[in-house]
Amino acid sequence: MDFSLSEDQRALRAGMRELLAGRFGRERMRAAVESGGGVDRGLWAELGAAGFFALRLPEAEGGVGLGLPESVLLFEEAGRVLLPGPLVATHLAAGVVKGAAEGRAVVTVLDRGGPVQDLGDADALLVLGEVVSLAAPDSARGAVAVRSVDPLTALLRPVRPVVGAEPLPAMSGGTLRYEGALLTAAEQLGSAARTLEAAVQHARGREQFGVAIGSFQAVKHLCAQMLVRTELARAAVYAAAVTGDPAETAGAKLLADEAAVANARDCLQVHGGMGFTWEADVHLHLKRAWLRSGRWLTAAEAEEALASDLGAGEGAERG
Amino acid sequence: MTDLSYSEEEDEFRARLREWLAGVLPGLPPKPSPDDWPGRRAYDAAWQRMLYDAGYAGLHWPVDAGGQGATPTRQLIFLEETEKAGAPYVGANFVGLLHAGPTVAAEGTAEQRARWLPPVLRGEEIWCQGFSEPEAGSDLAALRTRAVRDGSHYVVSGQKIWTSHAEVADWCELLVRTDPRAPKHRGISWLAMPMDAPGVTVRPLRTLAGSTEFAEMFLDEVRVPVANRVGQENDGWRVTMVTLSFERGTAFVGEVVACRRTLAALAGEARATGRWDDAVLRRRLGRLNAEFRALWRLTQWNVSEAERSGGVPGAGGSVFKLRYSQARQELYEAAAEVLGADACDLDREWVLDRLSSLSYTIAAGTSQIQRNIVAERLLGLPKGR
């Protein structure tokens, strides 16, 4: 057993962090916020070239041939920098929707009639149900814009039921939902780790009463709890990526959602009044964390799945 | 991150251990009552002797200290399998095997190792821990029990508290102040004190659960040979920190496995009594399933990281302990809800556990102290108040 990251995995993660720092640094991110979000096609293609979408496709099909653990590391990096766009849906559609693997196509997802992310920018729409099907984005024609809480994520609500024109028998709705939940959990993990860093950085630098506020126990304890949440979520997300177990994945989504939301709130608190301003990035993390919490697998669904798992009559399983 | 499976060798170790456990556990006598300390000592000692004879004693101890020098992964498997099989807990041997023993192994002289380590592994000598004092609990280094040199002896006077197993212990790992003028961390020494020495008085304390799990200990001019000091004089704080860092790595492995068993049993009980139809309760149990699954993975993560970095678990143990102690308390709160009106019945399973669980956020460093450790040592926040 060696549950720690391999050298290759560390290198992969470092490479993605570097790419995103160069192409989607803070200024770029804030510019995207001011322009109302949306998908940057140039960046999308660069992500495609870096293997972000084709990571799990076999090399024979032009992919990178890696697995869920590696995908999770990349999505964690995307979550750290608040990278916008339907990243998860496009990644899941690689190999199924033409151009998705290369980052030439933008694929979004319709799940149980909820608002659809970045529909206006999408080339294809996955319709997620018992069976998965594919629809042209204009089959949701007339969809009404939702005033999205997250300024980096455009949301459109379809006005009539969308029927997928092309069934995708190779994709199971269950598998897709759980893989989507896991990759989303990885983004939440990245966001939780980032807001922890921001809180610690602020607590070290900001002085009140003549000392850094990080020397106050009340502030320390907020930060310590943020680390505890992050590390528990990390163990859950990484393990689910290795096992692919549905109950484990449900647990990972539950704990990562909690870590992202609660860490953003605590980070905001540590920043004081500054944290409540538009200029601080923390509200962007919080809003995206709320959005992700409602996608793929909600807390209620995850908890029900984990409760059903308790019926299996097992204690701690092997592995 | 790629490998949560075990090697062939580790699987064989697990299979042998399982087979051995299946063979010996049915023949064990019934567990003594929690208040029967001599009975508990005899029971725990007999189990330790069985482990010793089968080659499972001191699995994680260095070979030259009489142990097996096993990797943390093997230790993980051992703790997981013994708990799953319902084997006896380490019990009265806890301090000797997990704390005093490793301290002597790491810092003791050859004579000290030969004198103290084999009887611990064979279950023949029980140790207790004389660290905390009434005025020095979380602020452990503020301890005041004094040891004054008199020829080849230290003369020790003071008071210790929360001393588990003191009633039946043969030895006490005792922290004493040997230099009252030095800064508080610098004037402490680590002594092995025989519990039958004149001047040692043990008075059991009753816990809120009604049992006597620990005692207070009064030391009135107790003479301890200087030869019983482990490490240099006034260097006892460092000696202690060496072993504390080991304690938190795998100390809770068996307990996470136990919590998962309890949770499964709670779900079974809720189904049998119809409480399962309550969606709020059901979801609460589902949430706890996520907690304990993740805590198990966090243990494996910490063990893997420790193996990679050469065996010393870091402050990551504090991260684990914070979440674990809270989750385990929530587990017994959920148990009370499953029990309904029976949650007031001390004869129902889980009711005493619920009471005991109140200690988890206090013992071995309160959650408040753990958060300070996490904030200062892992996050690099400045020391303060």
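The values are calculated or read from the model by the stated rules, or taken from the named source; none is laboratory data. Since this is a predicted model, take the numbers as computed values, not measurements. When we count neighbours, we look across all protein chains shown, and the Cβ atoms used for this are built from the backbone with ideal geometry, even at glycine. Areas reflect the complete protein model, heavy atoms only, side chains present, ligands, DNA and RNA absent. Shrake-Rupley method; radii C 1.70, N 1.55, O 1.52, S 1.80 Å.
Computed from the C-alpha gyration tensor, the three semi-axes of the ellipsoid equivalent to the protein assembly as shown are 52, 28, 23 Å, from longest to shortest. If you keep only loop residues by DSSP, which trypsin sites (Lys or Arg not before Pro) in segment A:124-192 have at most 16 other Cβ atoms within 10 Å of their Cβ? Listed in order of number, the matching sites are A:Arg141, A:Arg147.
Note on segment B:8-89: the C-alpha convex hull projects to 5.8 nm² when averaged across all orientations. With protein chains left intact and a 1.4 Å probe, residues in segment B:66-143 average 32 Å² of accessible area per residue.
Taking amide hydrogens as placed 1.01 Å from N in the peptide plane, the amide H of B:Thr145 sits under 5 Å from those of B:Gln159, B:Arg177, each at least 5 positions away in sequence or on another chain. Normalised by 2.2 N^0.38 Å, with N the number of residues, the alpha-carbon radius of gyration of chain A equals 0.99. Contact residues in segment A:282-313 (at least 40 Å² less accessible area with all protein chains than alone, 1.4 Å probe): A:Glu303, A:Glu304, A:Leu306, A:Ala307, A:Leu310.
Each label was represented as a point 7 Å from its Cα along the Cα-to-Cβ direction; for A:Val146 and B:Ala15 these points are 5.3 nm apart. The mean accessible area for residues of chain A, using a 1.4 Å probe and ignoring ligands and nucleic acids, is 39 Å² per residue. Across the accessible surface of chain A, with the other protein chains kept in place and a 1.4 Å probe, carbon and sulfur atoms take up 55 percent.
Could you run the numbers on buried accessible area between A and B, total for both chains, 1.4 angstrom probe, in Å² to the nearest 100? What A and B bury together is about 5400 Å². Contact residues in segment A:188-227 by the 40 Å² criterion (accessible area, 1.4 Å probe, full protein complex versus chain alone): A:Arg204, A:Ser215, A:Gln217, A:Lys220, A:His221, A:Ala224, A:Gln225, A:Leu227. Using a cut-off of 24 Å between Cα atoms, the listed pairs A:Lys253/B:Lys321; A:Lys220/A:Lys253; B:Lys321/B:Lys383; B:Lys160/B:Lys184; B:Lys184/B:Lys383; A:Lys220/B:Lys160 include A:Lys220/A:Lys253; A:Lys220/B:Lys160 as exceeding that distance. If one puts a single equal scatterer on every Cα of segment B:127-233 and applies the Debye formula without solvent, what log₁₀ I(q)/I(0) results at q = 0.14 Å⁻¹? Taking Cα atoms of segment B:127-233 as identical point scatterers yields -0.50. Legend: mean number of C-beta atoms from other chains within 10 angstrom of residue C-beta atoms, peptide B:319-329, equals 3.
Per-residue ellipticity at 222 nm, computed for the protein assembly as shown from helices alone with -39500 (n - 2.57) per DSSP H run of at least four residues, works out to -15500 deg cm²/dmol.
I'm checking a number: the convex hull volume of the Cα atoms of segment A:175-311, normalised per residue, in Å³. What is it?
Values: hull volume 13.3 nm³, N = 137.
Normalising the Cα hull of segment A:175-311 by residue number yields 97 Å³.
With a 1.4 Å probe rolled over the protein heavy atoms of all chains, the accessible area of A:Asp309, B:Asp220, A:Asp123, B:Asp196 falls in the order B:Asp196, B:Asp220, A:Asp123, A:Asp309, largest first.
3J(HN,Hα) along segment A:244-258, derived from phi through the Karplus expression 6.51 cos²θ - 1.76 cosθ + 1.60 where θ = phi - 60°, amounts to x, 6, x, 5, 5, 5, 4, x, 5, 5, 4, 6, 6, 4, 4 Hz, with x in place of Gly and Pro.
Pair-distance distribution of chain B: all C-alpha pairs, bin width 10 Å, starting at 0; shares per bin in whole percent are 5, 21, 31, 28, 12, 3, 0, 0. For segment B:38-48, putting each phi into the Karplus relation 6.51 cos²θ - 1.76 cosθ + 1.60 with θ = phi - 60° gives couplings of x, x, 5, 4, 4, 5, 5, 5, 5, 5, 4 Hz, in residue order, rounded to whole numbers and with x for Gly and Pro.
Derived scalar couplings between HN and Hα for segment B:354-371 equal 4, 5, 4, 5, 4, 7, 5, 8, 10, 5, 6, x, 5, 4, 5, 5, 4, 5 Hz in order, rounded to whole Hz, by the Karplus curve 6.51 cos²θ - 1.76 cosθ + 1.60 (θ = phi - 60°), x for Gly and Pro. Keeping the other protein chains in place, figure out the carbon and sulfur percent of the accessible area of chain B, with a 1.4 Å probe. The C+S portion of the solvent-accessible surface of chain B is 52 percent.
The A:Glu130 and B:Glu255 beta-carbon pair, evaluated with R₀ = 41 Å, returns a calculated FRET efficiency of approximately 0.50. For the residues of A:247-257, the average number of beta carbons from a partner chain within 10 Å of their own beta carbon is 4.
Hey, can you grab everything whose amide H is under 5 Å from the amide H of A:Asp123? Only 5+ residues off in sequence or another chain; H modelled, so Pro and N-termini drop out. Amide H neighbours of A:Asp123: A:Val106, A:Val107, A:Thr108.
Of the residues A:Arg56, A:Arg194, A:Arg204, the one that moves most in a GNM of chain A with alpha-carbon contacts below 10 Å is A:Arg204. Between the amide H of A:Leu168 and those of A:Val132, A:Ser133, A:Leu134, distances stay under 5 Å, these residues lying 5 or more places away or on another chain, with hydrogens modeled in the peptide plane. Here the peptides B:94-100, A:125-131 are ranked by packing, the mean other Cβ count within 10 Å, and the order with the highest first is B:94-100, A:125-131.
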